[in-house]
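Heads up: the structure comes next, in C-alpha cells.
Every read-out reported here was derived from the displayed coordinates using simple, explicitly stated rules and does not represent laboratory data. Just so it is clear, the structure is predicted and the values come from calculations on it, not from any experiment. With ideal geometry, Cβ positions are generated from the backbone for all residues, glycine too; neighbour counts draw on all protein chains shown.
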Amino acid sequence: MSNYATNEDILELVGGEIFDHGVEDFSDELGKATDNIQRYIEVNWFNQSRRQGYTRPHASIGNEFDSSLLTGSQWKHSTIYLAMYRYILPRLSPFRENDSFTNKITFYKERYHEEIKEEMAKGVEYDANNDGVIQSSEVHRYNKTRVYR
C-alpha cells in the first residue's frame with residue numbers, strides 16, 4: 001500500500017513550518033492516516049452500498065472491498081488533514097496551556113471533516129474492473145437519503 005500523501009504534499013498544502021520542529025519525515029503518520037481513510041470509505045461507502053443492495057446499471061463494486069481500486073489522489077487532502085490533527089500535531093505538542101499545536105488540531109480536524117464530506121459527495125472513484133481507468137460508471141456518489149435509528 002502506498003500512502004495517499006507525501007511529505008512534499010504536506011509542504012505544499014500546509015507549509016514548511018511543520019518541519020521546523022525536529023521531525024523531517026511524517027511518512028508513518030501519513031500511512032496511518034491512509035489506513036484510516038480507507039477504513040472510513042469501506043465502512044461509510046462500500047459497506048453501506050452493499051447493505052442497500054447496490055443496483056446501479058453496468059456498475060458492480062464487487063463483494064469484497066479492495067482499497068487498491070481507489071484513486072489515491074482523490075484522498076490526498078483528506079489524508080493530510082487527518083494526519084495533521086490525529087498524528088502529527090499531537091506528536092509535536094507539549095500539551096500546555098496556549099499551545100499553538102493544540103489550537104491547530106481543532107483547525108485541521110474541521111478541515112478534514114469538510115474535505116472528506118465533499119469528496120464523498122463528489123463521488124468515490126473505485127476502479128471495480130481493475131483496468132486502471134476510472135469510467136463515469138465507476139464514480140459512485142455517496143447518497144445517504146435514509147435516516148437510520
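Here are some notes:
- Residue order, fewest to most beta carbons within 10 Å, for Leu89, Leu82: Leu89, Leu82
- For Glu125, distant residues with modelled amide H under 5 Å away: Thr71, His140
- For the stretch 78-91, Karplus couplings with θ = phi - 60° (6.51, -1.76, 1.60), whole Hz, Gly/Pro x: 4, 5, 5, 4, 5, 4, 4, 7, 9, 10, 6, 5, x, 5
- Calculated FRET efficiency for the pair Glu110/His21, C-beta based, R₀ 22 Å, to 0.05: 0.50
- Rounded FRET efficiency, nearest 0.05, which uses the C-beta distance separating Glu8 from Ser136 and R0 of 25 Å: 0.25
- Among Phe65, Phe95, Phe26, the ranking by other beta carbons within 10 Å of each residue's beta carbon, starting with the fewest, stands as Phe95, Phe65, Phe26.
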